[in-house]
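The values are calculated or read from the model by the stated rules, or taken from the named source; none is laboratory data. Just so it is clear, the model here is predicted, and its values are computed rather than measured. Every residue, glycine as well, gets a Cβ built from its backbone with ideal geometry; the counts of neighbours run over all protein chains shown. Only protein heavy atoms, including side chains, enter the accessible area calculation; ligands, DNA and RNA are left aside. Shrake-Rupley method; radii C 1.70, N 1.55, O 1.52, S 1.80 Å.
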Amino acid sequence: MKLDHVVWFTERTPEVVAKQYPGAVVGGRHEHWGTYNALLYLQNAYIEWLAIENTDVADFSSHPLVELLKHDLATYGEGWGTLCISTDNIQLLNKNLERMGMHTSGVLDASRLTSSGTLKKWKMLFVNEKDLTDLPAPFFIQWEESEQNRRLSLRTEGVITKNSDAERILECGLVTKDPKQALERWCRILGVQPEDKESLMLNDIRLRFIENPKERNRMHTVVTGQAE
């Protein structure tokens, strides 16, 4: 498993976001969720700005990511929401999580219509959360295409540029009311050992758990740097 992308919940349109951040592009529309996005691809993951496009559709959506988006925009306003981990066997992951006693969404089919009219498909998996004010577990994705083929297509389309491919995500800081418990939970979910008392390494990215009563219990910082 690896970090696939980090999600910023926004009230801005994808067109506005794409103009504000060099390298960001208009992503596309999730018609069944009532949402749309802008994307910035880096060397080892990407940033997604997710917003509500159609409130009539989004209001009736029970999709876990849309539920979190609606909650956070209404409660906190714009900000980091959550992060997504890619896997190559999402069905097996779901079974493993259920064996641990965790309740999940089950494997969900998803798609997005890109601005160029291409339909991209993937599968998603969420750990059910009882308290949306606490730090949510990461969610999971399995793309229909291999990552190598996806990135090749994105380079051909000009979505991944030389400049964006030279930058990578190094660390994500996650605020929670109980860092020790959150670290243990995430290690169980991801099948890794902690790096130290406050962090774990997922491939080459550090996930650090922080207690900060002044901040919401969400991802707080995403540190990027130049790729080697």
- prompt: Which whole-Hz couplings ³J(HN,Hα) result when phi for each residue of region 208-216 is put into the Karplus expression 6.51 cos²θ - 1.76 cosθ + 1.60, θ = phi - 60°, listed in order with x for Gly and Pro?
  reply: 10, 9, 10, 9, 8, x, 7, 10, 5
- request: State to the nearest 20 debye the size of the charge dipole of region 76-129 about its Cα centre, where the only charges are +1 on K and R beta carbons and -1 on D and E beta carbons.
  value: 220
³J(HN,Hα) computed for each position of region 122-138 - Karplus, 6.51 cos²θ - 1.76 cosθ + 1.60, integer Hz, glycine/proline x: 7, 10, 10, 8, 10, 8, 5, 10, 7, 10, 6, 7, 8, 5, x, 5, x
Accessible carbon and sulfur surface of region 1-116 relative to its total accessible area, %, 1.4 Å: 50
message: At a 10 angstrom cut-off on C-beta neighbours, averaged per residue, how do the peptides 84-94, 172-182, 146-156 rank from highest to lowest?
response: 172-182, 84-94, 146-156
- prompt: Using a simple charge model, +1 on the beta-carbon of Lys and Arg, -1 on the beta-carbon of Asp and Glu, nothing else, what dipole does the chain show about its Cα centre, in debye to the nearest 20?
  reply: 240
Among Gln142, Gln193, Gln20: highest mean-square fluctuation, GNM of the chain, C-alpha pairs under 10 Å: Gln20
task: Rounded to the nearest Å, what's the spacing between the alpha carbon centres of region 21-100 and region 142-181? Just the number, please.
output: 14
Packing-based ranking, highest mean first, of 161-170, 1-10 given that Cβ atoms within 10 Å are counted: 1-10, 161-170
statement: Here FRET efficiency (C-beta to C-beta, Asn212 to Glu145, R₀ 45 Å, nearest 0.05) is 0.70
statement: So the FRET efficiency between Gln193 and Glu15, C-beta based with R0 = 41 Å and rounded to 0.05, is 0.40
- line: Too long for a 19 Å Cα-Cα cut-off, among Lys70/Lys177; Lys95/Lys123; Lys2/Lys214; Lys2/Lys123, are Lys70/Lys177; Lys2/Lys214
query: region 74-228: percent of C-alpha pairs farther apart than 20 Å?
result: 58
- request: Please state the charge dipole magnitude for region 111-182, taken about the Cα centre, from unit charges on C-beta atoms (+1 on K and R, -1 on D and E), reported in debye and rounded to the nearest 20.
  value: 220
